[in-house]
Amino acid sequence: MDTSTSPVITTSWLPSLARLEYLARILQVYGRPASGPLSFWHEQPEFNPATRSDTRQYFMRFRGKADYTGPFDADGIPLLDYHGNIGRQYNPIAIAQYGLARFNRWCDAGDDGDRTAWLSVSRWLTSTLQPNAHGVPVWPHHFDWPYRSVLKAPWYSGLAQGNGVSMLVRAAAETGDGAFAAAAHRAFQALELPISRGGVLATNGDREVWIEEYIVDPPSHILNGFIWALWGVHDYARWSCRPRATALWDACVTTLAARLDDFDIGWWSLYEAPTSDRRMLASFYYHRLHVVQLRVLYDLTGIEAFAARAAQFERYAHQPLSRARALVEKACFKLRHY
């Protein structure tokens, strides 16, 4: 979820000086992403090596998310402050990732406060699943969000579904609570259904299967959102032992392995799949996230292409010219399109 900029700012009407000031602000945001008001998203991405011996844990450490200082509601559920006309909101993606972060830390240290936190998140996820217009249970976002055109509330996301499932199957396995298990099964429905039937899957004639972070037409195939959501499929398949979930995992992994080239421009990674007239570079944070996510996928699948691309993206990140080019192109993209 690319949340680095302020909400809904259209720049086409701005005079040249104001546009330059806006460009300078974007450069500052992308140059120092952890300093912004939504720094929850911009921790240092880290692979979690504990998953190789403790299969309960989530694949990324999420240490920065575990240390989130608020705001929270009265039940300990994190709120994100988007400022402006959006303000403080429940974000299902952030809430699930916060729960997974506290779950990892509880696995490491056994602290009661961490257990209370991930249980609270799991209860929130269980109670807030709501049917969308097609009757499919989803976690709605109750605020508008700018992406291509504005996503109108209540909108839902394949990334939210995947992260939420990852949290719920862990809660169900640790507690034996049937409510968590039932919610995990309900939430997984969206991950099995095409967008036309209220789900989050995009398919095409080449038998590709994508999980879409944002439901837009045509589908945009956001790389980080697809991979995070895909881990939810993996977690559900391992927990439920349902062949259809395993088949979905295999189909998505095959799709991504076949399409990796689309996200590599030779010196940086792309945030989403390119089109004939548009390419959106990853910010430095998302580029580093791609490296970690691909390494996790290699660990889960043994497919060498994932490890090789992670190493390639890592090399780009250490090249000053590539970083500078990416910063300027990303800022100019935001200036043109948002």
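Things worth noting here:
- Annotation note: Cβ proximity below 6 Å between a residue of the stretch 304-321 that is in contact (Cβ under 8 Å) with a residue 24 or more places away in the chain and a residue that is surrounded by 13 or more Cβ atoms within 10 Å (Cβ to Cβ) and among the polar types (S, T, N, Q) (sequence gap 6+ or interchain) occurs for Phe313/Ser269; Tyr316/Ser322.
- Within the stretch 114-159, the set of residues being in a strand (DSSP E or B) and among the aromatic types (Phe, Trp, Tyr) comprises Trp145, Tyr147, Trp155.
- Asp108 being in a helix (DSSP H, G or I), of a type in the set (D, E, K, R), more than 23 Å from His234 (Cα to Cα) and at pLDDT 95 or above: no
- Of Trp267, Trp239, Trp249, all but one fail to be of a type outside the set (Lys, Arg) and assigned to a loop (DSSP other than H, G, I, E, B); the exception is Trp267.
- One residue stands out among those in the stretch 174-208 that are surrounded by fewer than 22 Cβ atoms within 10 Å (Cβ to Cβ) and among the β-branched types (Val, Ile, Thr): the one that is nearest to Glu272 (Cα to Cα), which is Thr203.
- Among the residues listed as Val136, Val169, Val150, Val165, the single one being closer than 29 Å to His83 by Cβ and β-branched (Val, Ile, Thr): Val150
- Breaking point among (1) buried (at least 23 other Cβ atoms within 10 Å of the Cβ); (2) within 18 Å of Val292 (Cα to Cα), for Asp261: (1)
Table: residues versus (1) within 19 Å of Trp210 (Cβ to Cβ); (2) among the small types (Gly, Ala, Ser); (3) touching a strand residue (DSSP E or B) at 6+ places or on another chain (Cβ under 6 Å); (4) surrounded by 21 or more Cβ atoms within 10 Å (Cβ to Cβ).
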site: Asn132; (1), (2), (3), (4): yes, no, yes, no
site: Phe143; (1), (2), (3), (4): no, no, yes, no
site: Val150; (1), (2), (3), (4): no, no, no, no
site: Gly158; (1), (2), (3), (4): yes, yes, yes, yes
site: Gly162; (1), (2), (3), (4): yes, yes, no, yes
site: Val165; (1), (2), (3), (4): yes, no, no, yes
site: Ala172; (1), (2), (3), (4): no, yes, no, yes
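- Any pair with Cβ under 7 angstrom, 6 or more apart, that starts in the stretch 123-139 at a residue that is at positive phi and ends at one that is modelled with pLDDT of 95 or more: Gly135/Gly198
- Residue match in the stretch 7-30 (condition: part of a loop (DSSP other than H, G, I, E, B), surrounded by fewer than 16 Cβ atoms within 10 Å (Cβ to Cβ) and modelled with pLDDT of 95 or more): no
- Set Phe143, Phe226: member being touching a residue at least 60 places away in the same chain (Cβ under 8 Å) and over 22 Å from Trp249 (Cβ atoms): Phe143
The values are calculated or read from the model by the stated rules, or taken from the named source; none is laboratory data. No experiment lies behind these values; they were computed from the predicted model shown. Methodologically, a virtual Cβ is constructed for each residue, glycine included, from the backbone with ideal geometry; neighbour enumeration extends over all protein chains shown.
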